[in-house]
1. Which value, in debye to the nearest 20, gives the size of the charge dipole of chain A about its Cα centre, when Lys and Arg are +1 and Asp and Glu are -1 at the Cβ?
2. With charges only on Cβ, +1 for K and R and -1 for D and E, what is the dipole size of chain B about its Cα centre, in debye, rounded to 20?
3. For segment A:81-156, with only Lys/Arg (+1) and Asp/Glu (-1) charged at the beta-carbon, what is the dipole magnitude about the Cα centre, in debye rounded to 20?
4. Which translational diffusion coefficient, to the nearest whole µm²/s, is obtained for segment A:1-50 from the Stokes-Einstein equation, given a Kirkwood hydrodynamic radius over C-alpha pairs, 10 °C and 1.306 mPa s?
5. Take the Cα pairs of segment B:62-184, get the Kirkwood Rh, then feed it into Stokes-Einstein at 10 °C and 1.306 mPa s and tell me D in µm²/s.
6. Which of the aspartates and glutamates could be linked to residue A:12 by a straight reach, that is with a Cα gap under 13 Å, when you skip same-chain ones fewer than 8 residues away?
7. Report the label-to-label distance for residue A:58 and residue B:90 in nanometres (one decimal), using points 7 Å from each Cα along the Cα→Cβ vector.
8. How are the alpha carbon pair distances in segment A:99-200 distributed across 10 Å bins from zero to the largest one, expressed in percent?
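Each value in this text was obtained by applying a stated rule to the coordinates, not by laboratory testing. Please read all numbers here as calculations on a predicted model, not as lab measurements. Here the Cβ positions follow ideal geometry from the backbone for every residue, glycine too, while neighbour counts run over all protein chains shown.
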Amino acid sequence: MSSLLSVNNLSKAFGAVRVADDLCFDIAEGEAVGILGPNGAGKTSLFNLITGALKSDSGTIYYRQADITKHSAQKRCRNGIARSFQIPQPFNGMTVFENCLVAATQAGGMSGSKAEQFVVEVLDDTGLLDKSNIKSGSLTLLDRKRLEMSRALATKPSLLLLDEIAGGLTEAECGELIDSIKRVRASGTTIIWIEHVIHALMAVVERLIVIDFGRMIAEGDPETTIKSDAVKEIYLGVDGGEAA
Amino acid sequence: MDWLNAIVQGVLLGGLYALFASGLSLIFGVMRLVNIAHGDLIVLAAYLALSTTLILGVHPFTAILVVIPLMALIGYVLQRGVLNHTLGDDILPPLLVTFGLSVFLQNALLEGYTADPQKLNVGSLETASVSVGELSIGLLPLSTFVVAIVVIVFLQWIFYHTALGRQFRAVSDNADIAQLMGLSKGHIFGLALALSLVVCGIAGILLGARTSFDPAVGSGRLIFAFEAVIIGGLGNLWGTLIGGIVLGVAQTIGGKINPGWQLLAGHVVFLLILAIRPRGFFPRVEH
């Protein structure tokens, strides 16, 4: 498999806080990768760097073998990098359908009835179809999370970045979400998923990357990585910290 | 009957004010930009129409075919070249830059066209009127009012029924997220100002057909536009029309009482409304 995304020596600091410290990793086409790490480890910042919302201090990002380090956020999006936000950020004044339609027509490059049909398919898949005409500002948290994913999917991404999409969901809802993500994966979309709900993550991803203080501290097969000393140290804590 | 006549004239005048105001309202809605040069851009459009009629020898209403694309182009280039760089968390830079632009435009027009008052000659339409009962309604004010309604319907249609409108609303809602959906903020803002200046173009020609104008009248038009927007309630185009009408009626009734009170009456009514309903009659409800 060729590499879809390649992050090389990526660094970013806010003053003394390093959110990315010489990060290097490759994501293969069609792969599903989970990112784990304690709060403030730099996971969301990493997504911001990949989508272009943040500019890196140094290092490069290659996407489809092209250097996109200096590309704008909208250009990266049009090239197929989409994300969902941990804290849902819909266009509150617009309906669910319109939110997704913006994504489909702008980033997805579709138009007219084709775009509308595609949005219907996406909403059907994410279970929001019956709420299409509701203003997104009045959705519940769960539905906002669904909208985050729907909107990202409506851009027809090649690389989908999911930021704690399962957080706050019930067991049953989580199961539906896992099925939904598995379907997305089966359709050939590459996924990078930040998640604290470990069992959900383990059900989907085939590789784990563990980050702390902006540095990659473990990487590899999920089962082995989750049991590694580095992960135990972060999550279970050598100094009696709270378990994950 | 005189009073009724004054009210009808005021309502029709309100159409022109609504035209002044809707372009201002539009860009404030999309990008929170207060364009101090708005009035001067209306006057610029009137002068462009004047030049077009003189050079090509066409009727001022035909000149619209030249003025509108020109204003749209000016708007897009102005936004992408200048105003986009002023937008940010601080609202002061765009205010200062558009104020500077206002001074620049006034002086450029003064240099190019002198301070002599000019008028767009629209021929017999200027004096033509229709009689309704005992009322005599001028065709030009009436058509201005109709144009205002058509423009507002058109803007509403763009905003709520087209892909471009969705982009405007998405960027207005959250510009940063919109960029992650593949929208180019700079481009959308450029299109918004282009659209705003298209409305300025229409307003400028109707202004020039109605009254004489000189390079200094822009700031007065800006005040009327602000007043109409605020009376009607920010972000609501139909409210803006109502605001324009309230202002127009106040002015004509004031002028009826005493010719010197025309502008004063408009401003007094505006201040009263501001005191009673600080957010205007129809502030933006969540769409």
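1. Once rounded to the nearest 20, the dipole reads 1000 debye.
2. 400 debye
3. Once rounded to the nearest 20, the dipole reads 240 debye.
4. Working: Rh = 11.8 Å.
Taking Rh from Cα pairs, D becomes 134 µm²/s.
5. On the way: Rh = 18.8 Å.
Taking Rh from Cα pairs, D becomes 85 µm²/s.
6. Within reach: A:21, A:22, A:57.
7. 3.1 nm
8. 15, 50, 31, 4, 0
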